[in-house]
Amino acid sequence: MTKNNPLAQRVWALFWGLLINAFGNGLTVATNLGTSPWTASEVNLGHLLGVSVGWPMLVIGTITAGVNQVLSQHWDRWRFIGEVVFIGCFSYLVNGFVALFTRLGIPQLPWLVKLAICFSGIVIFCIAISLYQRANLIMHPNDDTTNIVRFRYFHGRVVPAQIVAFLVPIAIMVVTFVMSHQLYSVNLGMLFCVFFNGPLISFADRHVWPKLRHNFRVVAKN
(Lines give C-alpha, C1' and ligand atoms only; values in the text may rest on other atoms or scores of the structure.)
Protein backbone atom coordinates (compact mmCIF):
# COMPACT_ATOMS: atom_id res chain seq x y z
CA MET A 1 0.00 0.00 0.00
CA THR A 2 1.34 3.45 -0.95
CA LYS A 3 2.14 5.63 2.03
CA ASN A 4 -0.26 8.51 2.64
CA ASN A 5 0.79 12.14 2.33
CA PRO A 6 1.44 13.97 5.62
CA LEU A 7 -1.76 15.09 7.31
CA ALA A 8 -0.86 18.79 6.99
CA GLN A 9 -0.64 18.46 3.19
CA ARG A 10 -3.97 16.67 3.04
CA VAL A 11 -5.68 19.34 5.18
CA TRP A 12 -4.20 22.06 2.94
CA ALA A 13 -5.48 20.27 -0.16
CA LEU A 14 -8.91 19.94 1.44
CA PHE A 15 -9.06 23.65 2.30
CA TRP A 16 -8.08 24.81 -1.17
CA GLY A 17 -10.26 22.20 -2.82
CA LEU A 18 -13.34 23.40 -0.91
CA LEU A 19 -12.67 27.08 -1.60
CA ILE A 20 -11.77 26.66 -5.27
CA ASN A 21 -14.72 24.35 -5.92
CA ALA A 22 -17.15 26.93 -4.52
CA PHE A 23 -15.45 29.67 -6.56
CA GLY A 24 -15.70 27.68 -9.80
CA ASN A 25 -19.32 26.71 -9.18
CA GLY A 26 -20.18 30.31 -8.36
CA LEU A 27 -18.74 31.41 -11.71
CA THR A 28 -20.75 28.87 -13.67
CA VAL A 29 -24.03 29.60 -11.87
CA ALA A 30 -23.59 33.35 -12.38
CA THR A 31 -23.20 32.91 -16.15
CA ASN A 32 -26.32 30.68 -16.40
CA LEU A 33 -24.65 28.96 -19.35
CA GLY A 34 -24.35 25.55 -17.76
CA THR A 35 -22.57 23.92 -14.87
CA SER A 36 -22.16 20.43 -13.45
CA PRO A 37 -25.34 18.33 -13.55
CA TRP A 38 -25.41 18.23 -9.75
CA THR A 39 -25.22 22.01 -9.38
CA ALA A 40 -27.68 22.51 -12.25
CA SER A 41 -30.20 20.18 -10.60
CA GLU A 42 -29.87 22.19 -7.38
CA VAL A 43 -30.26 25.49 -9.25
CA ASN A 44 -33.47 24.17 -10.83
CA LEU A 45 -34.77 22.95 -7.48
CA GLY A 46 -34.00 26.37 -6.02
CA HIS A 47 -36.02 28.10 -8.73
CA LEU A 48 -38.87 25.61 -8.34
CA LEU A 49 -39.02 26.12 -4.55
CA GLY A 50 -38.22 29.85 -4.60
CA VAL A 51 -35.04 29.57 -2.50
CA SER A 52 -31.35 30.28 -3.10
CA VAL A 53 -29.22 27.48 -4.54
CA GLY A 54 -27.50 26.86 -1.20
CA TRP A 55 -30.56 25.23 0.38
CA PRO A 56 -31.04 22.48 -2.24
CA MET A 57 -27.28 21.92 -2.13
CA LEU A 58 -27.43 21.38 1.62
CA VAL A 59 -30.44 19.04 1.54
CA ILE A 60 -29.32 16.94 -1.44
CA GLY A 61 -25.78 16.79 -0.10
CA THR A 62 -26.96 15.51 3.29
CA ILE A 63 -29.10 12.82 1.64
CA THR A 64 -26.18 11.84 -0.59
CA ALA A 65 -23.90 11.55 2.46
CA GLY A 66 -26.29 8.91 3.78
CA VAL A 67 -26.39 7.08 0.44
CA ASN A 68 -22.59 6.97 0.44
CA GLN A 69 -22.68 4.93 3.62
CA VAL A 70 -24.69 2.30 1.75
CA LEU A 71 -22.44 2.39 -1.33
CA SER A 72 -19.29 2.00 0.76
CA GLN A 73 -20.90 -0.95 2.58
CA HIS A 74 -19.63 0.33 5.91
CA TRP A 75 -21.12 2.71 8.47
CA ASP A 76 -18.58 5.43 9.22
CA ARG A 77 -20.18 8.16 11.32
CA TRP A 78 -17.18 10.49 11.02
CA ARG A 79 -17.30 10.24 7.24
CA PHE A 80 -21.00 11.12 7.33
CA ILE A 81 -20.50 14.03 9.74
CA GLY A 82 -17.53 15.31 7.73
CA GLU A 83 -19.49 15.31 4.48
CA VAL A 84 -22.40 17.17 6.08
CA VAL A 85 -19.97 19.77 7.45
CA PHE A 86 -18.35 20.05 4.01
CA ILE A 87 -21.67 20.58 2.19
CA GLY A 88 -22.73 23.12 4.81
CA CYS A 89 -19.59 25.20 4.19
CA PHE A 90 -19.74 24.64 0.44
CA SER A 91 -23.38 25.72 0.04
CA TYR A 92 -22.71 28.88 2.07
CA LEU A 93 -19.64 29.75 -0.03
CA VAL A 94 -21.41 29.11 -3.36
CA ASN A 95 -24.25 31.43 -2.34
CA GLY A 96 -21.68 34.09 -1.47
CA PHE A 97 -19.73 33.73 -4.72
CA VAL A 98 -22.90 33.78 -6.85
CA ALA A 99 -24.02 36.99 -5.13
CA LEU A 100 -20.56 38.53 -5.59
CA PHE A 101 -20.28 37.64 -9.29
CA THR A 102 -23.84 38.86 -9.90
CA ARG A 103 -22.99 42.22 -8.31
CA LEU A 104 -19.85 42.38 -10.48
CA GLY A 105 -22.07 42.13 -13.57
CA ILE A 106 -21.14 38.72 -14.93
CA PRO A 107 -24.76 37.92 -15.97
CA GLN A 108 -24.77 41.04 -18.17
CA LEU A 109 -21.52 40.30 -20.02
CA PRO A 110 -21.52 39.37 -23.76
CA TRP A 111 -22.48 35.76 -24.42
CA LEU A 112 -19.06 34.61 -25.66
CA VAL A 113 -17.34 36.17 -22.65
CA LYS A 114 -19.76 34.43 -20.30
CA LEU A 115 -19.20 31.13 -22.10
CA ALA A 116 -15.43 31.46 -21.64
CA ILE A 117 -15.99 32.25 -17.95
CA CYS A 118 -18.33 29.28 -17.63
CA PHE A 119 -15.82 26.86 -19.17
CA SER A 120 -13.09 28.31 -16.94
CA GLY A 121 -15.27 27.76 -13.88
CA ILE A 122 -15.74 24.11 -14.83
CA VAL A 123 -11.99 23.59 -15.25
CA ILE A 124 -11.43 25.27 -11.88
CA PHE A 125 -13.88 23.11 -9.96
CA CYS A 126 -12.57 19.93 -11.62
CA ILE A 127 -9.10 20.77 -10.32
CA ALA A 128 -10.61 21.37 -6.89
CA ILE A 129 -12.41 18.02 -6.93
CA SER A 130 -9.14 16.28 -7.78
CA LEU A 131 -7.43 17.95 -4.81
CA TYR A 132 -9.84 16.94 -2.08
CA GLN A 133 -10.59 13.53 -3.56
CA ARG A 134 -6.89 12.75 -3.37
CA ALA A 135 -6.60 14.24 0.13
CA ASN A 136 -9.51 11.94 1.07
CA LEU A 137 -10.23 13.45 4.49
CA ILE A 138 -13.71 14.81 3.91
CA MET A 139 -15.23 15.88 0.62
CA HIS A 140 -18.37 16.98 -1.12
CA PRO A 141 -20.85 14.08 -0.74
CA ASN A 142 -21.53 14.00 -4.50
CA ASP A 143 -17.82 13.74 -5.25
CA ASP A 144 -17.40 11.07 -2.60
CA THR A 145 -20.09 9.12 -4.46
CA THR A 146 -17.94 9.29 -7.58
CA ASN A 147 -14.87 8.31 -5.56
CA ILE A 148 -16.63 5.30 -4.03
CA VAL A 149 -18.10 4.15 -7.35
CA ARG A 150 -14.75 4.76 -9.09
CA PHE A 151 -12.65 2.56 -6.82
CA ARG A 152 -15.20 0.02 -5.61
CA TYR A 153 -17.06 -0.64 -8.84
CA PHE A 154 -14.97 0.67 -11.78
CA HIS A 155 -11.40 -0.33 -10.82
CA GLY A 156 -10.19 3.28 -10.47
CA ARG A 157 -11.62 4.59 -13.77
CA VAL A 158 -12.98 8.08 -13.18
CA VAL A 159 -14.82 8.63 -16.49
CA PRO A 160 -17.46 5.82 -16.23
CA ALA A 161 -17.86 6.51 -12.51
CA GLN A 162 -18.60 10.18 -13.23
CA ILE A 163 -21.13 9.30 -15.92
CA VAL A 164 -23.01 6.94 -13.59
CA ALA A 165 -23.02 9.54 -10.80
CA PHE A 166 -24.51 12.13 -13.18
CA LEU A 167 -27.63 10.03 -13.82
CA VAL A 168 -29.22 11.14 -10.52
CA PRO A 169 -29.05 14.93 -11.06
CA ILE A 170 -30.21 14.50 -14.65
CA ALA A 171 -33.28 12.68 -13.31
CA ILE A 172 -33.88 15.54 -10.84
CA MET A 173 -33.78 18.07 -13.68
CA VAL A 174 -36.26 16.03 -15.69
CA VAL A 175 -38.67 16.12 -12.72
CA THR A 176 -38.24 19.88 -12.13
CA PHE A 177 -38.76 20.56 -15.84
CA VAL A 178 -41.97 18.53 -15.88
CA MET A 179 -43.23 20.52 -12.88
CA SER A 180 -42.11 24.04 -13.89
CA HIS A 181 -41.56 23.82 -17.68
CA GLN A 182 -38.32 25.78 -17.11
CA LEU A 183 -34.65 24.82 -17.19
CA TYR A 184 -31.81 26.82 -15.67
CA SER A 185 -28.03 26.36 -15.91
CA VAL A 186 -28.49 23.88 -18.76
CA ASN A 187 -26.51 25.02 -21.77
CA LEU A 188 -23.17 24.45 -23.51
CA GLY A 189 -21.43 24.53 -20.15
CA MET A 190 -23.26 21.42 -19.00
CA LEU A 191 -22.35 19.54 -22.17
CA PHE A 192 -18.74 20.56 -21.63
CA CYS A 193 -18.94 19.34 -18.03
CA VAL A 194 -20.60 16.01 -18.87
CA PHE A 195 -17.99 15.14 -21.49
CA PHE A 196 -14.88 16.63 -19.87
CA ASN A 197 -15.47 16.51 -16.10
CA GLY A 198 -13.95 13.03 -15.73
CA PRO A 199 -11.01 13.65 -18.09
CA LEU A 200 -10.26 17.01 -16.42
CA ILE A 201 -10.20 15.42 -12.96
CA SER A 202 -7.97 12.65 -14.28
CA PHE A 203 -5.66 15.24 -15.87
CA ALA A 204 -5.49 17.20 -12.60
CA ASP A 205 -4.69 13.98 -10.72
CA ARG A 206 -1.55 13.63 -12.84
CA HIS A 207 -0.47 17.24 -13.36
CA VAL A 208 -1.80 19.46 -10.52
CA TRP A 209 0.19 18.86 -7.34
CA PRO A 210 1.34 15.41 -8.59
CA LYS A 211 3.00 14.62 -5.26
CA LEU A 212 -0.46 14.59 -3.69
CA ARG A 213 -1.41 10.92 -3.95
CA HIS A 214 -4.77 9.20 -3.63
CA ASN A 215 -4.63 8.79 0.12
CA PHE A 216 -6.25 5.89 1.91
CA ARG A 217 -8.86 6.57 4.55
CA VAL A 218 -8.20 5.18 8.01
CA VAL A 219 -11.54 3.79 9.15
CA ALA A 220 -12.39 4.60 12.72
CA LYS A 221 -13.75 1.76 14.84
CA ASN A 222 -17.23 2.37 16.18
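Assign unit charges at the C-beta atoms only (+1 for Lys and Arg, -1 for Asp and Glu), then state the dipole size of the range 106-219 relative to its Cα centre in Debye, rounded to the nearest 20.
For the range 106-219, the charge dipole is close to 380 debye.
Ignoring the sites themselves, what is the longest stretch of the chain with no trypsin sites (Lys or Arg not before Pro) in a DSSP loop and at most 13 other beta-carbon atoms within 10 Å?
My reading of the result: 4-210 is the longest stretch.
Go ahead and run the numbers for FRET between H74 and L49, Cβ-Cβ distance against an R0 of 22 Å, rounding to 0.05. Show your work: numbers first, answer last.
Details: r = 33 Å, r/R0 = 1.52.
In this case the efficiency is close to 0.05.
In whole Hz and in residue order, list the ³J(HN,Hα) couplings for the range 8-15 that follow from phi through the Karplus curve 6.51 cos²θ - 1.76 cosθ + 1.60, θ = phi - 60°; x for Gly and Pro.
Taking θ as phi minus 60°, the curve returns 4, 5, 5, 5, 4, 5, 4, 4 Hz for the range 8-15.
Given points 7 Å out from each Cα along the Cα-Cβ axis, report the F15 to V175 separation in nanometres with one decimal.
The two pseudo-label positions are separated by 3.8 nm.
Summarise the accessible area of the chain (1.4 Å probe, protein heavy atoms) by the percent that is carbon and sulfur.
Of the solvent-accessible surface of the chain, carbon and sulfur hold 73 percent.
Using 0.36 nm per residue of separation minus the Cα-Cα distance, give me the extension gain between V59 and K3 in nm, one decimal.
Working it through step by step, the gained length comes to 16.6 nm.
The values are calculated or read from the model by the stated rules, or taken from the named source; none is laboratory data. If you're wondering where the values come from, they're calculated on a predicted model, not measured in any experiment. Virtual Cβ from ideal backbone geometry, glycine too; neighbours counted across all protein chains shown. To get the accessible areas, we keep the full protein, side chains included, count just its heavy atoms, and leave off ligands, DNA and RNA. Shrake-Rupley method; radii C 1.70, N 1.55, O 1.52, S 1.80 Å.
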